[in-house]
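In what follows, a single structure is set out as structure tokens and then discussed.
The values are calculated or read from the model by the stated rules, or taken from the named source; none is laboratory data. Just so you know, these numbers come straight off a predicted model, no measurement behind them. When we count neighbours, we look across all protein chains shown, and the Cβ atoms used for this are built from the backbone with ideal geometry, even at glycine. For accessibility, only protein heavy atoms count, side chains too; no ligands or nucleic acids. Shrake-Rupley method; radii C 1.70, N 1.55, O 1.52, S 1.80 Å.
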Amino acid sequence: MSKSLALEDVTTAGCCAPLSGPQLSEQEAAELAKVFKALADPVRLRLLNLIASQEGGEACVCDLTGPFELTAPTISHHLKVLRQAGLITGERRGTWVYYRVIPEALTRLSGLFALPAFVDA
């Protein structure tokens, strides 16, 4: 049994509001593409979520290996990719590294496709 999806005609004028932010430059688009590439992996997306949702805003790498059926070196690789994308930062304390989300990076991503607030006439 197949289901058909209803499509909405979005070609009429005034249908959709433009994005609230300015257009991206070629360099900005290239930088953001790296960030989205880093987030396109389910493990990295979960890691970012785990770090961001920790009380106190940081997570020890020792707490990040348990939820996954992956080796510690694999988790470290994913954390490195998130660091290189500018989404998290790490601080070594003794033998452990503690990770924090970079708030400005998440704010930039959350506002990237934001539509302007609609005002009822």
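If you scan the range 26-65, which residues turn out to be in a loop (DSSP other than H, G, I, E, B) and either free of Cβ contacts under 8 Å to residues at least 40 places away in the same chain or loosely packed, with under 12 Cβ neighbours inside 10 Å (or both)?
A40, Q54, T65
Need the failing condition index for L64 against (1) within 19 Å of the chain's Cα centre (by Cα); (2) modelled with pLDDT of 90 or more; (3) over 15 Å from I88 (Cα atoms), just the number.
(3)
Has the range 73-81 got any residue that is more than 19 Å from the chain's Cα centre (by Cα) and under 22 Å from K37 (Cα atoms)?
Yes; the residues of the range 73-81 include at least one that is more than 19 Å from the chain's Cα centre (by Cα) and under 22 Å from K37 (Cα atoms).
Would you be able to tell me the number of residues in the range 66-88 that are open to solvent by 70 Å² or more (accessible area, probe 1.4 Å) and part of a strand (DSSP E or B)?
Selection size over the range 66-88: 0.
Take the residues in the range 89-101 that are among the hydroxyl-bearing types (S, T, Y) and in contact with a Gly (Cβ under 8 Å, 6 or more places away or on another chain), then tell me which one is least open to solvent (accessible area, probe 1.4 Å).
Quick first cut of the range 89-101, residues among the hydroxyl-bearing types (S, T, Y) only: 89, 95, 98-99.
Restricting the remaining residues to those that are in contact with a Gly (Cβ under 8 Å, 6 or more places away or on another chain) gives 98-99.
Working: Y98: 61, Y99: 17 Å².
Per the criteria, the residue is Y99.
For E104, indicate whether it is open to solvent by 100 Å² or more (accessible area, probe 1.4 Å) and not in a helix (DSSP H, G or I).
Values: open to solvent by 100 Å² or more (accessible area, probe 1.4 Å): yes; not in a helix (DSSP H, G or I): no.
Here the answer is no, as E104 does not meet what is asked.
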